[in-house]
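What follows is a set of notes on a single structure, which appears directly below.
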Amino acid sequence: MIIPKNIEELATYVEKGKNVFFFTADWCGDCRYIKPQLPEIEADFPNYQFIEVDRDKFMDVAVEWSIFGIPSLVVIEDGKERGRLVNKDRKTKEEIEAFLTSVQ
């Protein structure tokens, strides 16, 4: 999981490559629930880079991308959005993997 240090670094992942943006926050219980399973999900989808986006640190990005519930995922390939799993519900490994399979 890549954790961008600033907005400029985050922007580079939007512009190029196949990336899954995982919006999260330290205080989010549902985020903490799924986080231990993310390494397995990353291993199952090696064609994607996974970018952790702290919703509180990058609030402007969350608002611009209409991320009003977390954990949420947005898939962007070379600057174009390919899919989103955005809501406030707890997500399971199976739900995330089904979503990623559907946008490949």
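Some points to look at:
- Of residues in segment 1-42 being hydrophobic (A, V, I, L, M, F, W, C) and open to solvent by 70 Å² or more (accessible area, probe 1.4 Å), the one nearest to Glu95 (Cα to Cα): Met1
- Among residues that are crowded, with 19+ Cβ neighbours inside 10 Å and under 11 Å from the mean Cα position of the chain (by Cα), Ile51 is included.
- Matching residues in segment 60-76 - criterion: being in contact (Cβ under 8 Å) with a residue 24 or more places away in the chain, over 20 Å from Glu8 (Cβ atoms) and not hydroxyl-bearing (Ser, Thr, Tyr): Ile70, Pro71, Leu73, Val75
- Which numbered condition Lys57 misses (of (1) open to solvent by 20 Å² or more (accessible area, probe 1.4 Å); (2) within 25 Å of Lys16 (Cα to Cα); (3) in contact (Cβ under 8 Å) with a residue 12 or more places away in the chain): (3)
- Whenever a residue of segment 18-39 is over 16 Å from Ile3 (Cα atoms), its partners that are of a type in the set (A, V, I, L, M), lying with C-beta atoms within less than 9 angstrom and at least six residues away or across chains, give the pairs Cys28/Ile70; Asp30/Ile70; Ile34/Ile41; Ile34/Ile96; Gln37/Ile96.
The values are calculated or read from the model by the stated rules, or taken from the named source; none is laboratory data. Source: prediction; values computed, not measured. When we count neighbours, we look across all protein chains shown, and the Cβ atoms used for this are built from the backbone with ideal geometry, even at glycine. The protein model used for the area step is the full one, side chains on, heavy atoms only, and it has no ligands, DNA or RNA in it. Shrake-Rupley method; radii C 1.70, N 1.55, O 1.52, S 1.80 Å.
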